[in-house]
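The values are calculated or read from the model by the stated rules, or taken from the named source; none is laboratory data. Note that the coordinates shown come from a computational prediction; the quantities given were computed from them, not determined experimentally. Positions of Cβ are generated from backbone atoms using ideal geometry, with glycine treated the same way; all protein chains shown enter the neighbour counts.
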């Protein structure tokens with residue numbers, strides 16, 4: 001399950017934020033009559049469609065897994081836990097519909113209405129992500145229900161959805177999605193430029209994506225700081241994991257690196273009192289350690305170490321990315337142009353990977369940091385997991401399938417890229433740069449799900465009712 | 001409200017069996033279309049008609065699962081802890097199907113194409129069989145209310161086997177009928193005949209399986225059998241009538257009318273099952289009311305649904321209009 005979720009969360013940034021970057025490109029194209037930007041937007045919309053389709057398949061499997069792996073989570077708490085998912089359903093539908101409209105609308109709608117038809121895709125992405133994060137937040141800080149004899153007897157839907165962890169978790173996740181999408185897209189074009197493809201098209205691609213990411217990065221560090229303080233106040237056990245703190249005390253040092261062995265902190269660099277200052281703006285701030293967690297639900301040393309190191313990795317990655325954003329900002333102020341030095345491009349080319357690492361480690365912090373609970377204080381993971389069948393067998397199958405899907409996705413995207421590059425060489429050779437900003441004739445011949453069928457639009461009876 | 005949510009859930013099942021069914025059936029014909037050369041043209045038609053919607057229809061499946069686990073969590077738990085084998089197979093099938101179909105188009109070499117096609121086609125048969133078997137397990141009361149029922153007999157039993165086979169046959173039938181219309185639209189008489197013959201074959205097989213099913217129900221799920229003769233009777237009769245009408249009049253009717261008849265026949269059978277099963281969700285031991293979530297949850301499901309209708313309805317219309325216009329532009 002963790003594995004599937006880890007895969008699925010990688011797709012979120014694309015459904016959500018990639019479409020936004022696409023719209024920025026589209027806006028630039030329409031507003032400033034920028035052909036390169038328009039072409040980028042159009043190609044990005046197709047990539048988005050492919051990724052969205054993969055996301056839909058992976059989402060289907062997730063829904064199955066919910067029941068097959070966590071029957072008791074759903075069985076006992078579906079009444080509350082299911083609500084955010086039902087809401088997510090609407091947004092998923094909306095996003096699928098408008099992504100089709102948007103892709104279909106190239107050429108068929110006037111530029112401005114077409115641009116507007118992309119806006120609901122972005123909004124629905126925000127809504128959908130927020131709903132799923134609401135479900136996650138609810139597992140961290142459950143509320144909005146009354147339990148009697150282990151059964152949920154009353155539910156307050158709004159309190160379930162807008163639970164106490166909702167705001168900080170969802171804003172943090174939304175921004176993370178924009179970062180990952182921005183840096184990943186930028187790194188693709190930076191890699192292309194490093195290989196010598198330095199025409200304007202690549203530069204615009206890099207520029208748009210990197211600008212989005214660089215603007216969001218400082219905001220993310222700010223909300224990350226806020227979120228951590230919320231965790232300090234509301235999720236004390238998780239905060240103890242994060243800070244690698246066995247015993248409650250004040251003047252808590254911030255430990256960088258380090259592991260927990262036999263309940264004691266080993267290795268790692270300690271910055272005196274920094275954790276206390278960060279959490280409560282004063283060295284006297286008391287932080288609850290793991291000793292406040294009842295022994296029977298205290299996380300094991302390995303779990304604590306995992307959470308702590310993931311948190312460190314996330315923060316380190318974020319500051320690396322912040323550094324890159326600053327570099328970009330300073331260079332831009334000086335020269336009003338994209339820095340094109342090899343070292344800059346190399347850093348941008350790796351930034352995508354760094355951003356994904358930050359996303360995944362952040363996810364580990366919130367998920368593993370909750371253990372041994374599935375729903376904090378209500379349901380233990382060992383009680384929620386299925387007892388039917390051999391868990392390892394199904395896990396193996398899931399891993400195999402996802403590896404296959406993952407590789408195929410990358411492969412398809414690479415083929416699309418190769419196709420487009422071939423097309424560029426051809427146009428340049430022919431000296432025929434298309435000037436009207438409309439669809440390049442051969443650009444249509446890549447079929448994407450949700451897109452218009454390429455050779456001839458085929459009226460399908462099923463489309464109308466789906 | 002409980003009944004309303006149950007009805008909504010059932011509508012989801014109905015839509016999935018008709019729309020998703022046609023999808024699966026297309027895979028069945030793909031599988032049986034013969035060798036590379038012989039099967040090329042039918043496969044092409046299947047490819048073209050399915051491309052725009054290849055997994056959109058599975059949205060209904062997700063819809064059903066979400067409504068089930070939110071609205072009737074107890075039943076959901078019982079089902080997933082008992083029938084986990086067919087459910088895993090079905091999930092695997094859906095993934096393989098989707099990716100096989102999507103990727104075979106970009107695959108260049110014949111060997112690659114063959115692997116992808118095989119994945120697509122085989123899973124198109126396995127998945128509906130599993131869903132049919134699950135339905136059989138539910139109908140014949142082999143899922144205990146507290147879950148954890150027998151992992152094998154819950155879906156390897158007379159009712160499930162008939163249910164699974166019937167599901168495959170029905171899917172094949174629906175797909176063939178839909179594809180007749182597609183072939184007609186393309187003025188391809190040869191292919192139209194090809195699918196017409198197969199639609200007839202499938203309808204005969206499905207009818208025969210339905211008869212076997214009735215016999216199996218009599219022995220295996222007595223209450224369901226009785227209810228099908230009682231309140232469910234009009235639906236059963238309607239299904240038989242629509243099926244027979246389609247069989248007899250297939251030459252004279254337009255493909256559209258044929259399609260309506262086929263959908264009616266299938267939908268009536270599914271509705272018959274629903275009516276006969278009501279008010280029980282599992283066999284004869286867990287009613288809809290007993291499995292339901294607290295009232296506010298049910299209300300919020302309905303609110304969410306209303307929201308979905310208000311938001312998605314107009315946007316779907318917009319998409320449809322655009323597609324119509326696009327088609328006119330290129331015609």
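Among the numbered criteria (1) at pLDDT 75 or above; (2) closer than 17 Å to residue B:307 by Cβ; (3) within 11 Å of chain B (Cβ to nearest Cβ), which one does residue A:102 miss?
Failing condition for residue A:102: (2).
Considering B:311, B:322, which residue is within 12 Å of chain A (Cβ to nearest Cβ), more than 23 Å from residue B:62 (Cα to Cα) and either modelled with pLDDT of 80 or more or not in a strand (DSSP E or B) (or both)?
Only one candidate passes the filter, namely B:322.
Kindly indicate whether residue A:75 is facing another protein chain (nearest Cβ under 8 Å), touching a helix residue (DSSP H, G or I) at 6+ places or on another chain (Cβ under 8 Å), in contact (Cβ under 8 Å) with a residue 24 or more places away in the chain and assigned to a helix (DSSP H, G or I).
no
I need a count of the residues in segment B:137-182 that are over 14 Å from the mean Cα position of the chain (by Cα) and within 17 Å of residue B:273 (Cβ to Cβ).
14
Looking at segment B:252-273, is at least one residue at pLDDT below 80, more than 25 Å from residue B:15 (Cβ to Cβ) and surrounded by 15 or more Cβ atoms within 10 Å (Cβ to Cβ)?
Within segment B:252-273, not a single residue is at pLDDT below 80, more than 25 Å from residue B:15 (Cβ to Cβ) and surrounded by 15 or more Cβ atoms within 10 Å (Cβ to Cβ).
Would you call residue B:167 in contact with a helix residue (DSSP H, G or I) (Cβ under 7 Å, 6 or more places away or on another chain), in contact (Cβ under 8 Å) with a residue 24 or more places away in the chain and assigned to a helix (DSSP H, G or I)?
So residue B:167 fits the description; yes.
Which condition does residue A:412 not pass, out of (1) over 26 Å from the mean Cα position of the chain (by Cα); (2) modelled with pLDDT of 65 or more, if it passes all the others?
Among (1) over 26 Å from the mean Cα position of the chain (by Cα); (2) modelled with pLDDT of 65 or more, residue A:412 violates only (1).
Any residue that is touching a helix residue (DSSP H, G or I) at 6+ places or on another chain (Cβ under 8 Å), facing chain B (nearest Cβ under 9 Å), at pLDDT below 75 and crowded, with 21+ Cβ neighbours inside 10 Å - is there at least one of those in segment A:122-140?
Within segment A:122-140, not a single residue is touching a helix residue (DSSP H, G or I) at 6+ places or on another chain (Cβ under 8 Å), facing chain B (nearest Cβ under 9 Å), at pLDDT below 75 and crowded, with 21+ Cβ neighbours inside 10 Å.
What's the total number of residues in segment B:180-200 that are within 20 Å of residue B:247 (Cβ to Cβ) and out of contact with any helix residue (DSSP H, G or I) (no Cβ under 8 Å at 6 or more places or on another chain)?
Residues that pass the stated criteria total 2.
For residue A:224, are the conditions met, namely being closer than 26 Å to residue A:171 by Cβ and either within 18 Å of the chain's Cα centre (by Cα) or surrounded by fewer than 17 Cβ atoms within 10 Å (Cβ to Cβ) (or both)? I'd like the intermediate steps shown before the answer.
Values: closer than 26 Å to residue A:171 by Cβ: yes; either within 18 Å of the chain's Cα centre (by Cα) or surrounded by fewer than 17 Cβ atoms within 10 Å (Cβ to Cβ) (or both): yes.
The answer is yes for residue A:224.
To keep it simple, each residue is scored yes or no on (1) at pLDDT 80 or above; (2) touching a helix residue (DSSP H, G or I) at 6+ places or on another chain (Cβ under 7 Å).
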residue	(1), (2)
A:145	no, yes
A:159	no, no
A:172	yes, yes
A:209	no, yes
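State yes or no: is residue B:88 surrounded by fewer than 24 Cβ atoms within 10 Å (Cβ to Cβ), over 16 Å from residue B:20 (Cβ atoms), facing chain A (nearest Cβ under 8 Å) and touching a helix residue (DSSP H, G or I) at 6+ places or on another chain (Cβ under 8 Å)?
yes
Would you pick out the residues in segment A:254-279 that are part of a loop (DSSP other than H, G, I, E, B) and either within 31 Å of the chain's Cα centre (by Cα) or surrounded by fewer than 16 Cβ atoms within 10 Å (Cβ to Cβ) (or both)?
Filtering segment A:254-279 for residues part of a loop (DSSP other than H, G, I, E, B) gives A:257-258, A:262-263, A:267-268, A:272-273.
Within segment A:254-279, A:257, A:258, A:262, A:263, A:267, A:268, A:272 qualify.
Residue-wise test of (1) farther than 19 Å from residue A:172 by Cα; (2) modelled with pLDDT of 75 or more; (3) surrounded by 14 or more Cβ atoms within 10 Å (Cβ to Cβ).
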| residue | (1), (2), (3) |
| --- | --- |
| A:281 | yes, yes, no |
| A:294 | yes, yes, no |
| A:301 | yes, yes, yes |
| A:327 | yes, yes, yes |
| A:336 | yes, no, no |
| A:352 | no, yes, yes |
| A:359 | no, yes, yes |
| A:375 | yes, no, yes |
| A:382 | yes, no, no |
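Kindly provide the set of residues from segment A:185-205 that are in contact (Cβ under 8 Å) with a residue 24 or more places away in the chain, surrounded by fewer than 23 Cβ atoms within 10 Å (Cβ to Cβ) and touching a helix residue (DSSP H, G or I) at 6+ places or on another chain (Cβ under 6 Å), ordered by number.
A:191, A:193, A:194, A:200, A:201, A:204
Do we find a residue being over 24 Å from the mean Cα position of the chain (by Cα), touching a residue at least 24 places away in the same chain (Cβ under 8 Å) and either assigned to a helix (DSSP H, G or I) or more than 9 Å from chain B (Cβ to nearest Cβ) (or both) anywhere in segment A:47-65? Reasoning before the result, please.
At the first step, the residues of segment A:47-65 found to be over 24 Å from the mean Cα position of the chain (by Cα) are none.
No.
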